[in-house]
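For reference, the structure is listed below as structure tokens.
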Amino acid sequence: MGEPGVVSPRRPGRPLPPSRREVVPKSGTVGGMAETRLRLPDETYEQIKKIASGDAQSVNSAMVLAIEEYIARRRRERYQAMGRKIAERDWELLERLAR
């Protein structure tokens, strides 16, 4: 509970497992930035906290960077897969033309 905005809320009848943390959201967006709720296992949260501290940045900044890197990697993988399909199709066309 030392981190501002991070709580382990109690749900009536359904307590939150101790291995989860919740970031309390604010409604709407502010300055073009959406706010959302994110639950992380304690171990993941501690790791991102250490990384952020070592990089002299906030936990939020470290999480945003990690998400942006994930999105970029997925986009790159998707385009590489598309490129492989095009190359295979072109190779097949070239083989047929060479006959």
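Please state which one of SER61, SER27 is hydroxyl-bearing (Ser, Thr, Tyr), surrounded by 12 or more Cβ atoms within 10 Å (Cβ to Cβ) and modelled with pLDDT under 95. Checking each option against the conditions leaves just SER61. On the basis of being of a type in the set (Lys, Arg), modelled with pLDDT under 85 and in contact with a helix residue (DSSP H, G or I) (Cβ under 6 Å, 6 or more places away or on another chain), does ARG21 make the cut? Against the criterion (of a type in the set (Lys, Arg), modelled with pLDDT under 85 and in contact with a helix residue (DSSP H, G or I) (Cβ under 6 Å, 6 or more places away or on another chain)), ARG21 qualifies. Can you spot a residue in the stretch 88-99 that is modelled with pLDDT under 85, outside any helix (DSSP H, G or I) and either touching a helix residue (DSSP H, G or I) at 6+ places or on another chain (Cβ under 8 Å) or loosely packed, with under 11 Cβ neighbours inside 10 Å (or both)? Looking through the stretch 88-99, at least one residue is modelled with pLDDT under 85, outside any helix (DSSP H, G or I) and either touching a helix residue (DSSP H, G or I) at 6+ places or on another chain (Cβ under 8 Å) or loosely packed, with under 11 Cβ neighbours inside 10 Å (or both).
The values are calculated or read from the model by the stated rules, or taken from the named source; none is laboratory data. Everything numeric in this text was worked out from a predicted model, so none of it was measured. Here the Cβ is made from the backbone with ideal geometry for all residues, glycine too, and neighbour counts use every protein chain on show.
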